[in-house]
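**Q** Before anything else, here's the structure in question.
Just so you know, all these numbers are worked out from the coordinates, no wet-lab data involved. Owing to the predicted nature of the structure, the values given are computational and were not obtained by experimental measurement. So basically every Cβ, Gly included, is an ideal-geometry build from the backbone, and we count neighbours across all protein chains shown.
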Amino acid sequence: MKKLDISLPGLNLKNPVMPASGCFGFGREYSRLYDLDILGAIMIKAATGEPRFGNPTPRVAETPSGMLNAIGLQNPGYEEILATELPWLEQFNVPIVANIAGSTEEEYIEVARHISKAENVHALELNVSCPNVKEGGIAFGTDPETLKKLTKKVKDASDVPVYVKLSPNVTNIVEIALAAEAGGADGLTMINTLLGMRIDLKTAKPILANRTGGLSGPAVKPVALRMIYEVSQKTSLPIIGMGGIQSAADVIEFFYAGASAVAVGTANFTDPFICPQIIEELPGLLGELGYEHILECRGRSWNNAGQPAYHRA
Amino acid sequence: MKKLDISLPGLNLKNPVMPASGCFGFGREYSRLYDLDILGAIMIKAATGEPRFGNPTPRVAETPSGMLNAIGLQNPGYEEILATELPWLEQFNVPIVANIAGSTEEEYIEVARHISKAENVHALELNVSCPNVKEGGIAFGTDPETLKKLTKKVKDASDVPVYVKLSPNVTNIVEIALAAEAGGADGLTMINTLLGMRIDLKTAKPILANRTGGLSGPAVKPVALRMIYEVSQKTSLPIIGMGGIQSAADVIEFFYAGASAVAVGTANFTDPFICPQIIEELPGLLGELGYEHILECRGRSWNNAGQPAYHRA
Amino acid sequence: MITKEMCKVVSQEQIAHSVFKLTLKGRLSSKAKPGQFVHVKTGGAGGPLLRRPISLASIDRDNGSFTMIFRVSGEGTALLSKCGPGMEVDVLGPLGNGFPVSEAVPGTTAILVGGGIGVPPLYELSRQLVENGVYVVHVLGFQTASAVFYEKEFALLGPTFIATADGSYGRKGFVTDIISGEQLEFDTLFACGPVPMLKALEKGFPDKKAYLSLEERMGCGIGACFACVCRVQDDQNGHSYRKVCSDGPVFRAGEVVI
Amino acid sequence: MITKEMCKVVSQEQIAHSVFKLTLKGRLSSKAKPGQFVHVKTGGAGGPLLRRPISLASIDRDNGSFTMIFRVSGEGTALLSKCGPGMEVDVLGPLGNGFPVSEAVPGTTAILVGGGIGVPPLYELSRQLVENGVYVVHVLGFQTASAVFYEKEFALLGPTFIATADGSYGRKGFVTDIISGEQLEFDTLFACGPVPMLKALEKGFPDKKAYLSLEERMGCGIGACFACVCRVQDDQNGHSYRKVCSDGPVFRAGEVVI
Ligand SMILES: Cc1cc2nc3c(=O)[nH]c(=O)nc-3n(C[C@H](O)[C@H](O)[C@H](O)COP(=O)(O)OP(=O)(O)OC[C@H]3O[C@@H](n4cnc5c(N)ncnc54)[C@H](O)[C@@H]3O)c2cc1C
Ligand SMILES: Cc1cc2nc3c(=O)[nH]c(=O)nc-3n(C[C@H](O)[C@H](O)[C@H](O)COP(=O)(O)OP(=O)(O)OC[C@H]3O[C@@H](n4cnc5c(N)ncnc54)[C@H](O)[C@@H]3O)c2cc1C
Ligand SMILES: Cc1cc2nc3c(=O)[nH]c(=O)nc-3n(C[C@H](O)[C@H](O)[C@H](O)COP(=O)(O)O)c2cc1C
Ligand SMILES: Cc1cc2nc3c(=O)[nH]c(=O)nc-3n(C[C@H](O)[C@H](O)[C@H](O)COP(=O)(O)O)c2cc1C
Ligand code: FES
Ligand code: FES
């Protein structure tokens, strides 16, 4: 039954499934629904230097097979997270990936320095791809030089491995990934949300108060897969893949593309029990497909990429 | 009942609805289903200098609320289109927008020069955004300088107004749009497809023979709306909007975002009668919403952008 | 305890223009309180991605069932209106904190003010208040005559006034017009409805004990995603908030910025 | 004429492991030919975006109905298998060019070779050939015993041989093994099934008049999108093609590259 354990920088995962940052808060709510111990890891909500209220509401809107959000990095600030949330999470035998964000390099560094010292924070996720804040956020994730510099500094400040979370809103994702690698990243997480928008038919106004927001959910899955496929062939960094994952089959598709672990975001809203369900179903599906261990799936779409598949009957 | 007529450079449209390039061939097939005269215009399949076979099959794959295609600009070449397809289309009282593509500047220019001379070609659509060909295509649409230069040359070669079709696979869509404007474009059409991918669960291989393909359909609608919203506020060029349009309500949402006309692509496959249906339903829906003419909707999401809409009951 | 349950449809019935009453079997009925809501997956696997928050309109512990009253206002509610007996609906709940029933002292009067599709949660509330020996008065506002529902049901529990915006039924105008026009007296106020109505009530009765049920677009519905936050009125530090889904949807008047 | 029609379900029945037989009312039955297909919207409005191509397995002009036989192999066919009487299915068709029935001369023998889910269109073909006075022989290949369907129906029209890949029913092996093993003689060959089978047939009987029905992933299904093209064998200029949806799905052996 050891089909799912995976070792990544800083993260010894009993299975490769973790809730994505921002879709699971700090775990408290979901802990009332199931035992968080079963999760591979938990990516907690972004931490910033100061507490943030975030954007005005409405902050979410629905789209075909997807949703838009413009939460705006609401969080109580890293000090409060260190004082309250992380200690509370210590009751679970689950590594925490701390998502960090900021408006300035200094803010990133400060948050990284402190939050990486927490006992149960095994890795940082450098959020340079949040499309919903005015300053910083996505700006750090779209220019290779800026990203390389920031990565290096955060890496220096951090006591634990640093994963850089890539924005899909770029012309050349490989270039950005290589910049993160050059900056010393230990891994990549991808993708954050695609910038999108909805407009209300009756009022003619944007549904989100922030006007635009980040698109997530199954709608973006093909974009996520394509980017992971491209990046995994060009860097040696492990990739935690995300974007529209809803099922064990989706997890395997992400591994085929080149991911070494996955995160589940929006699907938690559709079904709050989705993570345990996927974890339960993965071994069986791997077996059906003839794999002994999920790592055999990693990069298989390009590892042995011969002719594409297509047969009748 | 004159609620839908719109005048754009080169295009006097009885209504703002036209099938998108590549999703309607040269009209022959759909002409067997309904009278093409009712369409605002027709955007014909991309024309290149020489005939092209395109990519190996499978060329399409399904995704949540979307599809991937990697046709690879299959077409009989502009000479054949001029000799056969365009004359056949003359029986209809519908302006034709000729989509042109190429691997080199020279090819674009050659196609533009000749195809723009056809009687019923009222505008060109400069396809610098096809993600499915090795050379040219999207490369021309992601670098502002290259695009500006190409636009200028095509504009010089063309006898009719030139619309530049923008790729959504860029970090900064406004920058690209401004480059097209600086190059002398008469209008913009947006968006082309987002690069994506699907992998077959059983074989672990990409479903598309070309591996990656272009994502279209309702899944991309929020991205299209966001880009049109951004671009329409920054350029004075009219925009023909597309990306996931399936209904009269969608058309109005695109107008709200800033479009001056729309194209319908993938939805033709779901329902081959979708264009006539939307055209029939538009006046009624406009009436319900209290508009006399569809132009009142144009840019309304930012024209009078006050507080976003949100009320109970 | 929040549970996710496939709930069998007992009955579905249209009770006003675009308004439906859907009764489901479900274990959550044993623990739900008035003012709480459920998060409903509409349309099955192919349906919309996000769940839809719908209030509990009545709770039948004996039969292990509960009822929602909803207006078809988009894709999700349209799909929900098509469920019939024999079908199952995926329901997450009960969610949020309901109305504080015990804040109304037996023997005193509570006024229940509802607007449009904010009316339903007041029904179970009224039933429980009456059971506790509280006198209830209902003031319900609707757009127009064809939108009115549950007048009789409320009337069985206490005096019930109806206002319609266009005057096609009951009194023309807003619920606040009725309260002042009829000079209604009360000790506690419970309300659910459109924001302008809630604002007017908060402003109109600053000294009363009042509880207002809010609405906000939701993601998770359980407090994890920060989609549904609102500011608190007494915000010392600029970042105090409440989550409508888990801290609300009912707040004491004055607690949050409406 | 191609039409789009909401077709009433007459009946649906499971006839083998994962294989369903669905009969619909539809005007297209009056003009459809064997080997043609329909493009089906599965799952209604919330269902998958693209239509699913399914062959006509039998056409009943008198009753104005037609039958499809399909295997559940993904989301769309799974949704289709859930349609029951009273429901309606959105069908576009008939599409493509069917088998050229008249190419088989009355009094001569036609062999109909099918593999798996390629078997269904051969049934209507066989019926029409028999009606024309053509002798028919059927050679049908399946994966395993539980996948076999319509043996009796075919047997009523002419000699019928079954092969299974695992030998659990009929003869073990491929359809080509049967043709050579039984030394079957014929004048015309019609086939539908997996690519390796079609290739083997094309190679094995280069001198026979043979018609092969192909499959390809489709977008529009009517010839407009260039999703389903295949190359022609005699491609002088490097860009000759046929569209499976509108030029096919049936091609004369040797015409296109399989
Ligand atoms: C706590 C709470 C209790 C509610 N109780 C009821 C009730 O008892 N009866 C009833 O008819 N309605 C109720 N509503 C409103 C109901 O949730 C919306 O009418 C419904 O979500 C609309 O979904 P739709 O798919 O039909 O509309 P769409 O407009 O297609 O929905 C698109 C998205 O917007 C969201 N949305 C749209 N309108 C609202 C709204 N008013 N509030 C919150 N989200 C919205 C949807 O949930 C969905 O995510 C309640 C809302 C909340 C927050
Ligand atoms: C001309 C023609 C006739 C056919 N006739 C029959 C028939 O009579 N009975 C039957 O069971 N099947 C038939 N098929 C195959 C049938 O179309 C597929 O099994 C079906 O599309 C699978 O859909 P799905 O949603 O279940 O699978 P999914 O894998 O979820 O489908 C995903 C996408 O891939 C496409 N796809 C998947 N497999 C195939 C395939 N083999 N051929 C073409 N597209 C595919 C789907 O159409 C859809 O667009 C025919 C195919 C063609 C081209
Ligand atoms: C409501 C919401 C809040 C999010 N907040 C964050 C965040 O704070 N930090 C971050 O890096 N990503 C955030 N994300 C992005 C997700 O972590 C994830 O990258 C994205 O949603 C794609 O995955 P999905 O399709 O499974 O949701 C958020 C997403 C959603 C939907
Ligand atoms: C099968 C297919 C073929 C296409 N071919 C072309 C093309 O030749 N030239 C072009 O500019 N765009 C082409 N497109 C892009 C569409 O014109 C359109 O920009 C895109 O599909 C978004 O619109 P939609 O979501 O309505 O399909 C093609 C799209 C599809 C699905
Ligand atoms: S809806 Fe997610 S926190 Fe309230
Ligand atoms: S499926 Fe569109 S051309 Fe054949």
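**Q** Consider the operator that turns chain D into chain C: which D residue has a Cβ nearest its axis, and what is that gap in Å?
**A** That would be D:G46, 2.
**Q** Can you give the average number of partner chain beta-carbon atoms within 10 Å of each beta-carbon in peptide D:39-48, as a whole number? Don't skip to the answer; put the middle values down first.
**A** Values: counts 2, 0, 2, 1, 3, 2, 7, 11, 2, 7.
Other-chain Cβ atoms within 10 Å of each residue's Cβ, averaged: 4.
**Q** OK, next. How charged is the neighbourhood of D:M1? Take every other residue with its Cβ under 9 Å from the Cβ of D:M1, and add Lys/Arg as +1 and Asp/Glu as -1.
**A** It works out to a net charge of +2.
**Q** Another one. For a protection proxy built on the mean count of beta-carbon atoms within 10 angstrom, sort A:86-97, C:183-194 highest first, please. Each step should come with its number before you reach the end.
**A** Numbers: A:86-97: 18.6, C:183-194: 20.2.
Order by mean packing, descending: C:183-194, A:86-97.
**Q** Measuring nothing but label to label, 7 Å from Cα along Cα→Cβ, what are D:N63's distances to the other copies in nm, shortest first?
**A** Spacings between copies for this position, smallest first, are 4.1 nm.
**Q** Using DSSP to define loop residues, name the trypsin sites (Lys or Arg not before Pro) in the range D:1-71 whose beta-carbon has at most 12 other beta-carbon atoms within 10 Å. Spell out each step's value before the answer.
**A** Numbers: sites: D:K4, D:K8, D:K21, D:K25, D:R27, D:K31, D:K41, D:R51, D:R61, D:R71; in loops: D:K31, D:R51, D:R61.
Filter output for the range D:1-71: D:R61.
**Q** Taking each residue of C:239-246 in turn, how many C-beta atoms of other protein chains fall within 10 Å of its C-beta, and what is the average? Intermediate results must be reported in sequence, preceding the final value.
**A** Details: counts 9, 2, 5, 0, 2, 1, 1, 2.
Counting Cβ atoms of other protein chains within 10 Å of each residue's Cβ and averaging gives 3.
**Q** Quick check: pseudo-label points 7 Å beyond the Cα along Cα→Cβ at B:E175 and C:Q183, how many nm apart are they?
**A** Result: 7.2 nm between the two label points.
**Q** For the range B:12-23, take each phi angle, set θ = phi - 60°, evaluate the Karplus expression 6.51 cos²θ - 1.76 cosθ + 1.60, and give the result in whole Hz per residue in order, putting x for glycine and proline.
**A** Once rounded to whole Hz, the list reads 9, 9, 6, 8, x, 10, 9, x, 7, 4, x, 10.
**Q** While we're here: Where the label is 7 Å out from Cα toward Cβ, how close does A:G284 come to the same position in every other copy, in nm, shortest first?
**A** Those separations, rounded to one decimal, come out as 4.7 nm.
**Q** Another one. Could you tell me which of rounded, prolate or oblate describes the range C:216-258, using a ≥ b ≥ c as the square roots of the eigenvalues of the alpha-carbon gyration tensor, with rounded for a/c under 1.5 and, failing that, prolate when a/b is larger than b/c and oblate otherwise? Provide the component values of the computation, followed by the final result.
**A** Working: a/c = 2.52, a/b = 1.52, b/c = 1.66.
Taking the square roots of the gyration eigenvalues as a ≥ b ≥ c, the range C:216-258 is oblate.
**Q** What gaps in nm, shortest first, separate A:T104 from its twins in the other copies when you place the label 7 Å past Cα toward the beta carbon?
**A** So the distances to the same position in the other copies read 5.3 nm.
**Q** Another question, if that's okay. Roughly how many Å is it from the Cα centre of the range A:49-88 to that of the range D:122-181, as a whole number?
**A** For the range A:49-88 versus the range D:122-181, the Cα centre distance is 63 Å.
**Q** Which percent, nearest 5, of DSSP beta bridges in chain C are antiparallel? Please list the in-between numbers first.
**A** Values: 37 of 62 bridges.
For chain C, the DSSP antiparallel bridge percentage is about 60.
**Q** Just to confirm my numbers, what's the Cα centroid distance between the range D:217-231 and the range C:38-105 in Å?
**A** Cα centres, the range D:217-231 to the range C:38-105: 44 Å.
**Q** Pick from C:H17, C:H239, C:H138: which is most flexible by mean-square fluctuation in a GNM of chain C where alpha carbon atoms under 10 Å apart are linked?
**A** Residue with maximal mean-square fluctuation among C:H17, C:H239, C:H138: C:H239.
**Q** I want the antiparallel fraction of DSSP beta bridges within the protein assembly as shown, as a percent rounded to 5. Please list the in-between numbers first.
**A** Numbers: 106 of 204 bridges.
For the protein assembly as shown, the DSSP antiparallel bridge percentage is about 50.
**Q** For B:K2, go through the lysines and keep the ones whose alpha-carbon is under 30 Å away, minus same-chain ones fewer than eight residues off.
**A** Here the lysines satisfying the reach criterion relative to B:K2 are A:K202, A:K205, B:K14, B:K45, B:K165, B:K221, B:K234, D:K4.
**Q** Further question: Just counting partner chain Cβ atoms within 10 Å, what average do the residues of peptide C:206-216 show around their Cβ?
**A** Values: counts 0, 0, 0, 0, 0, 0, 0, 1, 1, 4, 6.
Partner Cβ neighbours, averaged per residue: 1.
**Q** Of the residues B:E253, B:E119, B:E288, which exhibits the maximal mean-square fluctuation in a Gaussian network model of chain B defined by a 10 Å Cα contact cut-off?
**A** Among B:E253, B:E119, B:E288, the largest GNM mean-square fluctuation belongs to B:E288.
**Q** Further question: What is the log10 of I(q)/I(0) for the range C:101-214, computed with the Debye formula using one identical point scatterer on each Cα and no solvent, at q = 0.13, 0.18, 0.21 Å⁻¹?
**A** For the requested q values the scattering log ratios are -0.41, -0.82, -1.14.
**Q** Something else: Peptides A:18-29, A:226-237: what's the order by average Cβ count within 10 Å, highest mean first? Before the final figure, lay out each step's value.
**A** Numbers: A:18-29: 24.1, A:226-237: 21.8.
Descending mean neighbour count gives A:18-29, A:226-237.
**Q** At 7 Å along Cα-to-Cβ for each site, give me the label-to-label distance between C:Q143 and B:I38 in nm.
**A** 2.9 nm
**Q** Using 0.36 nm times the number of residues separating A:W88 and A:A249, minus their current alpha carbon distance, what extension gain do you get?
**A** Numbers: separation 161, 0.36 × 161 = 57.96 nm, distance 3.27 nm.
Taking 0.36 nm per residue and subtracting the Cα distance, the gain is 54.7 nm.
**Q** Sum up the charges of everything whose Cβ sits under 13 Å from the Cβ of D:R27, counting Lys and Arg as +1 and Asp and Glu as -1, but leave D:R27 out. Let's see the in-between values first.
**A** Values: positive: D:K4, D:K8, D:K25, D:K31, D:R61; negative: D:E5, D:D60.
Here the charged neighbours net out to +3.
**Q** Can you give me the relative contact order of the range B:141-232 as a percent, contacts being Cα pairs under 8 Å and 6 or more apart? Could the numbers behind the result be given before it?
**A** Values: 129 pairs, mean separation 25.4, N = 92.
Computed value for the range B:141-232: 28 percent relative contact order.
**Q** Residue farthest toward the positive end of the dipole of chain A, with Cβ of Lys/Arg at +1 and Asp/Glu at -1: which of A:C297, A:F26, A:T193?
**A** Positive-end residue among those listed: A:T193.
**Q** Suppose every K and R has +1 on its Cβ and every D and E has -1 on its Cβ; what is the size of the dipole of the protein assembly as shown about the Cα centre, in Debye to the nearest 20?
**A** Working: 106 positive and 118 negative charges, 168 e Å.
My answer is approximately 800 debye.
**Q** Hey, another quick one. Relative contact order for the range D:101-168: what is it in percent, counting Cα pairs under 8 Å that are at least 6 residues apart?
**A** On the way: 106 pairs, mean separation 22.4, N = 68.
Across the range D:101-168, relative contact order equals 33 percent.
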